[in-house]
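Every number here is computed from the coordinates shown, using simple stated rules; none is lab data. Since this is a predicted model, take the numbers as computed values, not measurements. Using ideal geometry, Cβ is built from the backbone for each residue, glycine included, and neighbour counts are taken over all protein chains shown.
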Amino acid sequence: MSKRKHESEPTRSPDPRDPLRDARGEDQVLLLDGGLATHIEELGEKIDHSLWSALCLIKNPSVIRQAHEDFYAAGARVAITASYQAHLDGFRELGVEEPEALAAMKRSVQLAREVAPLGGLVAGSLGAYGASLHNGAEYTGEYPGMDRAKLLEWHRPRALALREARCDLFACETVPCLMEAEALSQLVAELKHPAWITFSCKSHTQVSSGEPIADCVRAVAENPWIVGAGVNCTHPKFVKSLVEICRAQLPPEKSVVVYPNSGEVWNGTSHSWETGTATADSQFVDMAQEWYRSGASCIGGCCRTTPRTIKALAAGTFTR
């Protein structure tokens with residue numbers, strides 16, 4: 001082959017990196033962190049407003065750093081940033097203009113990175129659009145007036161900020177419906193940045209909108225930039241079945257990512273947790289063993305799970 005012909009051939013783009021697979025290595029499970037925002041509440045912050053824990057990125061970043069440090073110390077190897085509910089409209093409502101808001105989103109990555117152990121990952125949280133409505137819509141999928149194109153534009157500035165801050169991957173999380181999953185998948189492909197997509201679910205087989213989770217995972221499974229999919233902020237009792245469905249829809253090399261809540265229910269009207277149904281840490285660990293045996297490879301906790309929960313998971317032995 002002549003040098004001229006060789007030089008004229010198009011250069012093939014490298015395959016997308018898979019940070020989850022790389023970080024897990026030979027380990028059976030990659031441990032994620034727990035409920036960051038609810039742990040921040042335990043540390044004394046009041047976060048019942050439209051920005052939730054994201055306001056601390058401006059008002060009290062040290063409490064976010066401390067929360068990440070607590071979860072890493074408990075055994076987590078992946079921190080999910082405090083950008084879940086960070087959005088331009090919410091910052092604007094509080095008198096924070098776009099440049100400062102974007103700087104705060106980037107700071108969410110820096111704070112986690114500052115306390116990460118060697119090899120620890122930082123996942124930049126892209127919370128569902130419904131979370132910004134502050135009415136529990138991330139658990140219903142009721143998005144009046146929105147379509148896929150509008151969701152794509154709404155998420156884009158947040159994703160660009162997190163990518164610029166060099167998060168290892170995006171955590172597209174608490175996604176309640178197929179429409180938003182498709183928008184996020186399109187955005188991830190556009191930005192060429194690794195991501196996982198996890199869904200909030202209301203049953204053993206359905207995401208919060210009522211659509212089958214099988215359809216939602218299938219819609220994103222072949223995107224090379226989606227390195228994992230699964231479930232978060234969902235009652236633990238539903239997770240085993242959901243993991244099995246996700247595993248069946250994903251290519252074998254991609255991760256099933258699960259981090260359910262404690263089993264308590266968030267009341268979007270009263271802005272309170274309906275307690276009395278929480279899963280004890282010992283039960284959570286027993287259930288996590290089932291999730292692992294069903295195909296989950298990245299496991300952590302969401303709302304109302306604590307560093308104690310992650311420490312209990314770290315002390316457990318995962319066997320198939």
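For every helix of n ≥ 4 consecutive DSSP H residues, a contribution of -39,500 (n - 2.57) applies; sum these over the chain, divide by its total residues, and give [θ] at 222 nm rounded to the nearest 500 deg cm²/dmol.
Rounded to the nearest 500, it is -12500 deg cm²/dmol.
When 1/r is averaged over all different Cα pairs and the result inverted, which Kirkwood radius in Å belongs to the chain?
Hydrodynamic radius (Kirkwood, Cα only) of the chain equals 19.4 Å.
Give the lysines whose C-alpha is closer than 24 Å to that of Lys59, dropping any in the same chain fewer than 8 places away, or say none.
Lys46, Lys106
Taking the DSSP beta bridges in the chain as the whole, what percent of them are antiparallel, to the nearest 5?
Of those bridges, close to 15 percent are antiparallel.
I need the GluC sites (Glu not before Pro) found in the stretch 214-258, filtered to DSSP loop residues with at most 15 other beta carbons within 10 Å of theirs.
Taking the stretch 214-258 and a limit of 15 other Cβ atoms within 10 Å, the loop GluC sites (Glu not before Pro) found are Glu222, Glu253.
When the scattering of the stretch 25-152 is computed by the Debye formula from its Cα atoms alone, each counted once and equally, what is log10 I(q)/I(0) at q = 0.14, 0.16, 0.23 Å⁻¹?
Log10 of I(q)/I(0), two decimals: -0.64, -0.81, -1.35.
Which one of Asp215, Asp18, Asp70 has the biggest mean-square fluctuation once the chain is modelled by GNM with Cα springs under 10 Å?
Largest GNM mean-square fluctuation: Asp215.
Please sort by residue number the GluC sites (Glu not before Pro) in the stretch 49-119 whose DSSP state is loop and whose Cβ has at most 12 other Cβ atoms within 10 Å.
For GluC sites (Glu not before Pro) across the stretch 49-119 that sit outside H, G, I, E and B with at most 12 neighbouring Cβ atoms in 10 Å, the list reads Glu97.
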